[in-house]
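This report refers to the structure that appears directly beneath it.
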Amino acid sequence: MNSGAQFIFNNFLSFALTDGKGEVAALSAACLWAVASVVYGIVGQRIPPLHLNLIKGIVAIALLLFTISLSGEFFPNLAPLPLSLLLLSGAVGIGLGDTAFLAAINYLGARRVLLIGTLAPPMTAIAATILLQEQLNVSAWCGILLTILGVAWVVTERVPSTSDSSTTHLWRGISYGLLAAITNAAGTVISRVAFTTANISPLWAALLRLSAAVLVILVLVSFSQHRDRTLSYPYWRSQRVILASCFAAFCGTYLGIWLQQTAIKLTPVGIASTLIQTSPLFVIPIAIYMGEKVSWRAIAGVIIAIAGIGLLFYFK
């Protein structure tokens with residue numbers, strides 16, 4: 001089909017039926033990140049969050065370098081500003097954000113943490129309103145409220161084993177999850193600005209972001225108050241743990257970030273963020289398959305939150 005038939009979207013955005021690469025990349029990234037998050041939830045019981053983030057970063061960098069060498073893409077001639085923006089985006093969004101994300105999974109599990117991540121797009125919109133003086137209409141604010149209500153409804157759901165200890169874990173997990181959402185929103189916006197100021201391939205963007213993230217993680221590990229204790233964990237002796245970590249890094253970090261950067265480059269950031277944050281929908285069948293009891297309230301909350309994101313970006 002090459003007629004170029006187009007639909008008018010949101011009164012100003014048009015897209016061809018033959019061109020949906022950005023949207024497909026975003027949905028693929030969401031699915032892969034859901035799979036990787038479940039695996040991280042399992043191996044995270046054996047590997048500290050900082051170390052797990054470091055492992056997945058190094059594995060992904062090696063895979064990206066290999067892919068770039070095969071593609072023959074030379075280092076782009078970047079001006080200092082977009083280069084700095086990409087490095088800052090990686091340091092904030094991956095170095096700090098993914099560490100907080102992995103820590104949150106240890107307290108809440110992948111399903112709940114991914115749902116908290118759906119708060120990132122509304123946070124992005126609110127930040128743009130405050131910092132860039134962008135105006136949001138009533139529908140957009142309703143979308144923000146709907147997303148927050150959907151997340152809150154699921155995250156605060158009581159479970160039969162509720163105790164003081166589990167309540168403490170709940171709030172710690174929520175705190176880490178909110179930090180991950182905030183840094184994810186910041187990293188996405190900064191990365192988008194870099195793409196608008198320079199012509200760079202998603203592969204190189206992912207590599208630069210991950211490189212900055214690994215440097216930040218190394219600094220955090222070196223200054224960690226508990227590094228002596230965490231380094232004593234013999235997780236590297238378990239071949240299954242290492243292989244599982246590498247598999248998750250391949251799916252969620254190497255392919256996931258590459259696809260994320262592709263979506264951000266080819267699709268308006270609002271649409272890309274919305275589709276990327278559909279990971280909770282993909283993780284629900286995985287959780288059910290693994291024997292986790294998923295209530296109708298949890299499913300409804302996920303749908304409400306994602307509907308809120310759609311309302312925010314499609315009708316603002």
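The values are calculated or read from the model by the stated rules, or taken from the named source; none is laboratory data. Computed from a prediction, not measured in an experiment: that's the story for all the values here. Glycine gets a Cβ as well: all are built from the backbone with ideal geometry, and neighbour counts include every protein chain shown.
Just for the range 68-114: of the residues that are part of a helix (DSSP H, G or I) and charged (D, E, K, R), which one is modelled with the highest pLDDT?
Asp98
Condition test on Ala128, is it at pLDDT below 75, of a type in the set (Gly, Ala, Ser) and closer than 20 Å to Ala26 by Cβ?
Judged against the criteria, Ala128 is a match.
Scan the range 292-316 and report the pairs whose first residue is at pLDDT 75 or above and whose second residue is surrounded by 21 or more Cβ atoms within 10 Å (Cβ to Cβ) and outside any helix (DSSP H, G or I), with Cβ atoms within less than 8 Å and a gap of 6+ or a chain change.
Ile306/Gln277; Ile306/Thr278
Can you tell me which of (1) without any contact (Cβ under 8 Å) to a residue 60 or more places away in the chain; (2) part of a helix (DSSP H, G or I); (3) among the hydrophobic types (A, V, I, L, M, F, W, C); (4) surrounded by fewer than 17 Cβ atoms within 10 Å (Cβ to Cβ) is the one Ala127 doesn't meet?
Condition not satisfied by Ala127: (1).
Considering only residues that are aliphatic (A, V, I, L, M) and under 13 Å from Ala186 (Cβ atoms), look in the range 89-118 and name the one that is surrounded by the most Cβ atoms within 10 Å (Cβ to Cβ).
This residue is Ile94.
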